[in-house]
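Quick notes on the structure that follows.
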Amino acid sequence: MKREIKYSNDMPRLLYTFFITFSDMGMPSFDKFARSIGATLDDILQFRKHREFERAYRECNEIRRDYLIDAALTRRYDPSFSKFLLSAEFGMGEKDKEREDTDLKVTLEVISDGNEA
């Protein structure tokens, strides 16, 4: 059973430091950070109501995204799996070109200056 972890002002720094110094196998995650401080993921999600922690959380999410991209490009992770995670976690899926174009509405207004040739 986990002990209750109370939020402290150094939590944003701890989170950010954990993500930028992570060197274990795999990639950094909020679950791994929570375990490292004896907390749960629910505790971490509750800490997001604090403005500074929310900012650190968003920055760490960007680190996770960049880590996945780098791991796919260097083939540390299977590129197809990385693509799946990037789509599922970060909304970076391919856009349907045909669907995009159908949403485009253009209105042209022709204005004549009265000097028609």
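A few points about this structure:
- Calculated FRET efficiency, R65 to T107, Cβ-Cβ distance, R0 = 41 Å: about 0.65 to the nearest 0.05.
- For segment 1-96, the set of GluC sites (Glu not before Pro) satisfying both a DSSP loop assignment and a count of at most 16 other C-beta atoms within 10 Å is given as E4, E94.
- Note on F84 and R48: their simple-model spin labels are 2.4 nm apart, each label 7 Å out from Cα toward Cβ.
- E4-T17 pseudo-label distance in nm [points 7 Å out on the Cα-to-Cβ vector]: 2.6 nm
- Count of lysine pairs in segment 11-102 with Cα separation under 23 Å (8 or more residues apart, or interchain): 4
Computed from the coordinates by the stated procedures, all read-outs in this text should not be read as laboratory data. Quantities reported herein were computed from a predicted structural model and do not represent experimental measurements. Note that we place each Cβ from the backbone using ideal geometry, even for glycine, and neighbour counts take in every protein chain shown.
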